[in-house]
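Please treat every number below as a calculation from the coordinates, not as lab data. Keep in mind that this is a model prediction, so the values were computed, not measured. FYI the Cβ positions are ideal-geometry reconstructions off the backbone, even for glycines, and counts take in every protein chain you see.
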Amino acid sequence: MIDAYAQASILGRAQKEKLLKVKAYQLRDHAGNKWGKVDERPYGGGPGMVLRAEPVIKAVEKIRKAKKMKVLVTSAAGKPLTNAYAKALTKHKDVIIVCGRYEGIDVRAMKALRAEEVSVGPYILTGGEVPALAIIDATARQIPGVLGKFESLEESRVASHDIYTRPEILKVKGKNYKVPKILLSGHRAKIDEWKEKKRSNPGA
């Protein structure tokens, strides 16, 4: 899942240009048993299974070896992923993201690794791969050259949720949907004012 997404589109091009590198590791390789079993029932009862601490710790330690690398764990209870957080991650040469699974990871793994929990939203997913990709994508965009032109970075310019392109008049089932005249005016200051108004008040 990680490789398929990371090798496509903008991330794939960025890797070819050596602007970043994404490498996925299989946790089962560090299970410590012939079955590749990495989960166990939770102490104290409860539904589902929990990722064991040992495979997580072994995998991370093998990856980072003697290097000082930031370790993240995807978790609904973690710090929220924001553009500012993603930009801060670019200051680290290497970042390890541990994908949560099942009911979560034995908290002792997080403590032993001094890992930071990161959340992509107040909801639960079946696995940490999608959140991990969101972290990678959001962070990659902050690396100079990944998007090609700096102007492509939305937070660096005045942007709104309402955007339009050709044709000027779109006809759907007999009804005309027109591009706002202000966007056709060429008046940059007024256009930016309109965009800012739309951004702060989408329904306006």
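The angle between the Cα long axis of helix 53-64 and the main principal axis of the chain comes to about 70°, on a 0 to 90 degree scale. Ranked by the mean number of other Cβ atoms within 10 Å of their residues, highest first, the peptides 51-62, 6-17, 165-176 fall in the order 51-62, 6-17, 165-176. Across the cross-link table entries 87/197; 23/68; 34/65; 16/87; 79/195; 171/195, which are compared at the Cα atoms, the separations over 19 Å belong to 87/197; 34/65; 16/87; 79/195; 171/195. Taken about its Cα centre, the chain carries a charge dipole of about 520 debye when Lys and Arg each add +1 at the Cβ and Asp and Glu each add -1 at the Cβ. Beta-bridge orientation, the chain: approximately 40 percent antiparallel, per DSSP, counting only bridges with both partners inside.
Between helix 129-140 and the chain, what is the angle of the helix's C-alpha long axis to the longest principal axis, kept within 0 to 90° and rounded to the nearest 10? Between the helix axis and the principal axis of the chain, the angle is about 60 degrees.
Fully extending the segment from residue 25 to residue 189, taken as 0.36 nm per residue of separation minus the present Cα-Cα distance, adds 54.1 nm.
Straight-line reach from residue 70: taking Cα to Cα under 16 Å and skipping same-chain neighbours fewer than 8 places apart, the aspartates and glutamates in range are 61, 94, 116, 117.
Take every pair of alpha-carbon atoms less than 8 Å apart whose residues are at least six positions apart; their mean separation over the length of the chain yields a relative contact order of 19 percent.
Quick one: if the Förster radius is 41 Å, what FRET efficiency do residue 143 and residue 33 give, using the C-beta to C-beta distance and rounding to 0.05? For R0 = 41 Å, the calculated efficiency reads 0.60.
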